[in-house]
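I'd like to ask some things about the structure below.
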Amino acid sequence: MFKNFPLFPEAASAQAGQVDAVFFFMVAVTAFFSVLIAALVVFFAIKFKRKNEEEVGADIHGSLALELLWTIIPFGIAMAMFVWGAKVFFDLSRPPVGATEVYVVGKQWMWKAQHMGGMREINELHVPVGKPVKLIMGSEDVIHSFYIPAFRVKADVIPGRYNTMWFEPTKAGTYHLFCAEYCGTKHSGMIGSIVAMEPADFEAWMSGGKAEDSPVASGAKLFQDLVCVTCHLSNAQGRGPVLSNLFGHEVELEGGAKVIADEAYLRESILNPAAKVVKGFQPVMPTFQGLITEEQLLQLIAYVRSLSQPGAAPAASTNSSTPPAAGGRN
Amino acid sequence: METLNYLNDGHGLASWLLTKDHKRIAILYLISITGFFAIGGFFAMLVRLELLTPAGDLLSAETYNKVFTMHGVVMVFFFLIPSIPAVLGNFMVPIMIGAKDLAFPRINLLSWYIYILGGLFTLTAALSGGVDTGWTFYTPYSTAAANSHVITAALGIFITGFSSILTGLNFIVTIHRMRAPGMTWFRLPLFIWAHYATSLIMILGTPVVAITILMVAAERALHLGIFDPALGGDPVLFQHLFWFYSHPAVYIMILPAMGVVSEIIQAFSRKNIFGYSFIAFSSLAIAVIGFLVWGHHLFVAGQSVYAGMLFSILSFVVAIPSAIKVFNWTATIYKGSVSFDSPMLYAAGFIGLFTIGGLTGLFLAAMGLDIHVHDTYFVVAHFHYIMVGGAIMGYLGGLHYWWPKITGRLYSEPWARVAAVIVFIGFNLTFFPQFVAGYLGMPRRYHAYPPEFQVLNVLSSAGASILAVGYLIPFTYFAYSLFKGEKADNDPWGARGLEWEIPSPPPTENFTVSPIVTEGTHQYVHPSQEAKLA
């Protein structure tokens, strides 16, 4: 039990240092004020110890100067903490353009991941050192939370929407992956490993995947199997809108409202097609709610994304409604 | 012959169960919340025993989840929220403002019955198989996935919420309408200001959680799509609604404790408070701003970055009134006439532990840092510093301070000091290691955990057993004092305040003649003495 007894977590991502810096600053402030208050209380209590039963304290009622002093100084320190914390959060919520994307699905009680190259994993995630990795995450049942302490990152994985998170591993090694949001009986068993590998090792590992297993290829196959292709033709003659060059662009809806065709919109349009119908089309598409899994949904979306010009697509947004959200558009 | 007081004015069970005397109702609450505290503590001991070893070996995962859920539900809704207001507040609020009772004595009794009914519902849920959602009832787990007695437990909380609303209502009307002649707002004891602020939260916040719980029950039983995305609902909506009450609920727990500490510091320093109006208004500021910080529970839930920033800055702002209180308490001791009786030990312990608990709350308000520590043991440690180190220390301090008034008996002061020190040591040993475990990354609500966290968990469990001893000792000497304790006179501490001017225990009508108030409380230096000093 005493062999492996760390007191501070390993720091293995580009973000870890920034988070730890805020932490150390706040520990210093906490220690300073806790010791100051404790010392004053003890010192005053001993120095002004009651000498006889009749003794009473001095007749002091307050001091505006002191009140201002101990309002303004803590307020200033608190605002500095706010700005610093918000800055780190901002960086953590904006994935860099060109980050390697991985789809992650949480379900009771396991993590499934699918790489763009086709590799699939359960309760493990292999990532390259020195490159930003962006996870696009959904849940099949209840809320989970994807947490890598060594990288100081965490994001809830919520059914019915996509959340993103990103990190840049800096040290090769194997790190804990925890589910941080209570999700039922085997919550504490919903754990795994993050394997950070040197880029060359990672490439070698990735080459084990088959191209036909990539999310885009799987999505293309689903697009055929679910006969989406009969209505969504590549020319404007179909009963449904053309999907090429759709992702990331603005779409005009029936009634004149406009919406950006992002992951959340595509997801909604597959599961609940009548919600936001594109102008000029009839609400004839059937719902696929309950017919496809979260993973298949992600594959279909990956396929639709692949139909747009590379680079034209904005980053995935997390929130189905109001931008800008955590991990919002760049 | 014994003089007539509220304890011997009427005998038999009916005279207690049908009483309209706020003091007797306070005793009913004291007995029942002590029972719930024992139940909640029992569940806490099971949690700490299970976590002695990394493997989940003592309890099954299912049982463990039910145990920590019951620990949270019982401690939050049936102990911490009612503790100080319903026991000490019920007893002292009318007396401290010079009133004969609360404004609505029957509603006061009704609130106790509602509390007991809610408690029975929740205990029924526990005994008939348990509930495993955690005290937070997060959706869609609670509505769509959990296979346990969610509705029964939720209804228990729904019902008991009304007891909280009625108590708050009673306090607000009483404080507005029933102050003795001369008891102006700025002569009110700070304990009253704290209860006024607390009551505002109780009546404004509790209905929201009641509605939220009903919606959970409706979705679970009737499959109305509110929170479950499979039914077209929004699971995060629940978190907004839940924390809109449940964050302010933390202030329901801590504000009354702050009120107790303000009284104790003055009484045992024999000195009036430093910065009276700053302490009074900081209670109101906490009550108001506390309603605007709930979103700091959702920093990793995909909330908009700008919404997150607003919640973050407001969470930092709400810390300032607390800081003002801590500085003013410290300044009050300066040039006091300080004695180290047990209530003062608890108050001093409160100041230290609340300072740590409050400052570590800032770690969670800082968005970038919260991402890492959210839902880890760091959060568990932080809120136990507030709820156990703060609220329970305040409750115990107040119970010791007013025990002679409530029972007319003195307890063993040496034992009380020993217990206060044991509680302080046991508390820190239990919860300080959890800060370390949390920053290391240990998630909360884990039945089994990686072996590298074991040393910290063993320390924590060891601390919990010391803490349990620290809680059992007062139980023993309090019980002993009821029968063998020395009789207390009106004012055993040499404190100032209306409650110390009437007999111990007080007569049923509190004041035979309605008092006329000419100065604020805790005025130890009187104008006549001032003249002499000059």
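No lab work stands behind these numbers, since they all come straight from the coordinates. Here the structure is a predicted model, which means the values were calculated and not measured. Here the Cβ is made from the backbone with ideal geometry for all residues, glycine too, and neighbour counts use every protein chain on show.
Can you sort B:Thr63, B:Thr174 from fewest to most other Cβ atoms within 10 Å of each residue's own Cβ?
B:Thr63, B:Thr174
How big is the range B:21-533 on each of its three principal axes, counting only the C-alpha atoms and giving the largest first in Å?
75, 47, 45
Now a separate question. On a C-alpha basis, how far is the centre of the range B:299-345 from the centre of the range B:88-125 in Å? Whole number, if you could?
Answer, in whole Å: 29.
Oh, and also: Can you tell me the dipole magnitude for chain B around its Cα centre, using point charges on the Cβ only (Lys, Arg +1; Asp, Glu -1), in Debye to the nearest 20?
800 debye
Would you calculate the volume per residue, in Å³, of the smallest convex hull containing every Cα atom of chain A?
222 Å³
Still on this structure: Loop-only check: which GluC sites (Glu not before Pro) in the range A:28-123 are DSSP coil with at most 11 other Cβ within 10 angstrom?
A:Glu53, A:Glu54
Among A:Tyr303, A:Ile292, A:Gln282, whose Cα lies farthest out toward the positive end of the dipole of the range A:214-306, if unit charges sit on the beta carbon of Lys, Arg (+1) and Asp, Glu (-1)?
Farthest along the dipole direction, towards plus: A:Gln282.
Roughly how many Å is it from the Cα centre of the range B:407-428 to that of the range A:138-191, as a whole number?
44 Å
Choose one of A:Phe146, A:Met81, A:Gly17: the residue whose Cα lies farthest towards the positive end of the charge dipole of the protein assembly as shown (beta-carbon charges +1 Lys, Arg; -1 Asp, Glu; about the Cα centre).
Of the listed residues, the answer is A:Met81.
Where a ≥ b ≥ c are the square roots of the eigenvalues of the C-alpha gyration tensor, would you call the range A:255-308 rounded, which needs a/c under 1.5, or, failing that, prolate if a/b is larger than b/c, or oblate?
oblate
Further, regarding this structure: Tell me, what is the percent relative contact order of chain A, built from C-alpha pairs under 8 Å that lie six or more residues apart?
Relative contact order for chain A comes out at 16 percent.
Mean residue ellipticity at 222 nm from the helices of the protein assembly as shown, using -39,500 (n - 2.57) per DSSP H segment of n ≥ 4 over the full residue count, to the nearest 500 deg cm²/dmol?
-17500 deg cm²/dmol
With point charges of +1 on the Cβ of Lys and Arg and -1 on the Cβ of Asp and Glu, referenced to the Cα centre of the range B:21-533, which listed residue (B:Thr184, B:Ile386, B:Tyr115) lies farthest in the positive direction of the dipole?
Projecting each Cα onto the dipole axis, the largest value belongs to B:Thr184.
Is the C-alpha gyration tensor of the protein assembly as shown telling us rounded, prolate or oblate? Criteria: a/c under 1.5 is rounded; beyond that, a/b larger than b/c is prolate, otherwise oblate.
Prolate shape, in that a/c is at least 1.5 and a/b is the bigger ratio.
Quick one: dipole size for chain A, taken about the Cα centre, charges +1 on Lys/Arg Cβ and -1 on Asp/Glu Cβ, in debye to the nearest 20.
The calculation lands at about 80 debye.
With an 8 Å cut-off on Cα pairs and a minimum separation of 6 or more residues, tell me the relative contact order of the range A:214-306 in percent.
Averaging sequence separation for qualifying contacts and normalising by length gives 36 percent for the range A:214-306.
Something else: Cα centroids of the range B:183-259 and the range A:69-101: how far apart, whole angstrom?
Cα centroid to Cα centroid, the span is 28 Å.
To continue, here is another question. Could you give the dipole magnitude of the protein assembly as shown about its Cα centre, charging the beta-carbon of Lys and Arg +1 and that of Asp and Glu -1, in debye to the nearest 20?
Using only the charged Cβ atoms, the result is roughly 1100 debye.
How high is the relative contact order of the range B:185-235, in percent, with contacts defined as C-alpha pairs under 8 Å that are six or more residues apart?
Over the range B:185-235, the number comes to 14 percent.
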